[in-house]
Amino acid sequence: MADEATVGRHPALARLASLRQHRRDGRRAPHKPLLVLLALGHLATAGSSRLTWADAQRSLGDLIAEFGPASRTSRVQAAAYPFTRLRSDGIWMLDHEVPMDAIGPLNAAGACGQLTLNLEQVLLNDPALLLSAARTLVDSHFPRSVAPDILTAVGLDPETVLRAPNEAPDSITPRQRDPKWRDLVLQAWDRQCAFCGFDGQVYGATVGVDAAHVRWFALDGPDTLDNGLALCTLHHKLFDRGVLGIDHNLRLCVSTVYTARTTAGKAVYDLHGQQLQGRPGTPHPAQPHIAWHREQVFKGQPLTA
Ligand SMILES: [Zn+2]
């Protein structure tokens, strides 16, 4: 097993860890990180990162729809962007010469893609390195509430991956979290969910209520009171998955992508249109952070008027 210092300096890993989100029109576009995670999942389970375009357009298209921002782009086109463009990052190759973004030639060629042979071999030789790469990628692009869902979707075990060290290279200094922020947010919202009022305690200690970032910490969201909400674990997850949102009048929105069959599941529908109200003096989330969440995370249209 490579020691940690060696891991952090591996040039191929450094490129992978520093993968920037492909941003178009200022929108979050986690297409490339999701493709790499899908490839890492295949490598870990099948011994090869090779993905046929026929499979990738479905599996990658679904991942992007589920974990990316709402988009009018078709799932197949959304998958074609990273499947062709990740080549320019030097960690991905296709077995046919195909123009960027072009679906027709991918179909016609029956193209396959995979991590570059050198990178694939390095990761195969050191499974701990593979886990670190996956950990670094999810940490860099998604909140912790969402990371286990993505890892499960690509076939990696969240428990194992999230115990692996984050190996962001020295050139990318992770931002430091404010250790007091969680307590300050819970205190500001009276230790209860800002959406449903859940305020469970065990032996006097708050349980099942998180401090949630409106603008994700991983994407430059600050540890400030006007970027925090106390949310029960369920509503935190649904907020970070884009099922729940807040409009500019501080009313809650439930996305139409959410469906439920039971009374407990349908209770989420009842949040739609509710006014967000904290205790007197609690700062509401700032409009720029709410707008970021609405545009980059929420899956659907906010309330009108
Ligand atoms: Zn709640």
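The values are calculated or read from the model by the stated rules, or taken from the named source; none is laboratory data. Given the structure is predicted, the values throughout are model-derived calculations rather than measurements. Here the Cβ is made from the backbone with ideal geometry for all residues, glycine too, and neighbour counts use every protein chain on show. The area values use the complete protein model at the heavy-atom level, side chains included, leaving out ligands, DNA and RNA. Shrake-Rupley method; radii C 1.70, N 1.55, O 1.52, S 1.80 Å.
The one condition from (1) open to solvent by 80 Å² or more (accessible area, probe 1.4 Å); (2) touching a residue at least 24 places away in the same chain (Cβ under 8 Å) that Asn166 does not meet is (1).
Evaluate the following for Val243: is it modelled with pLDDT of 95 or more, aliphatic (A, V, I, L, M) and at negative phi? In short, yes. The condition of being open to solvent by 20 Å² or more (accessible area, probe 1.4 Å) and under 22 Å from the mean Cα position of the chain (by Cα) holds for only one of Ser140, Ser132, that being Ser140. Quick one: is Val185 within 16 Å of the ligand (Cβ to nearest atom) and either part of a helix (DSSP H, G or I) or open to solvent by 30 Å² or more (accessible area, probe 1.4 Å) (or both)? Judged against the criteria, Val185 is a match. Among the residues of region 188-232, just one is among the hydroxyl-bearing types (Ser, Thr, Tyr) and under 24 Å from Arg28 (Cα atoms), namely Thr224.
Here's the yes/no breakdown for (1) in a helix (DSSP H, G or I); (2) touching a strand residue (DSSP E or B) at 6+ places or on another chain (Cβ under 6 Å); (3) at pLDDT 95 or above; (4) not assigned by TED's automatic domain parsing to the domain that holds Trp216:
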site	(1), (2), (3), (4)
Phe83	yes, yes, yes, yes
Val98	no, no, yes, yes
Leu106	yes, no, yes, yes
Gln114	no, no, yes, yes
Asn118	yes, no, no, yes
Leu129	yes, no, no, yes
Ala133	yes, no, no, yes
Thr136	yes, no, no, yes
Asp149	yes, no, yes, yes
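Summed over region 113-123, residues that are surrounded by fewer than 18 Cβ atoms within 10 Å (Cβ to Cβ) and touching a helix residue (DSSP H, G or I) at 6+ places or on another chain (Cβ under 7 Å) total 1.
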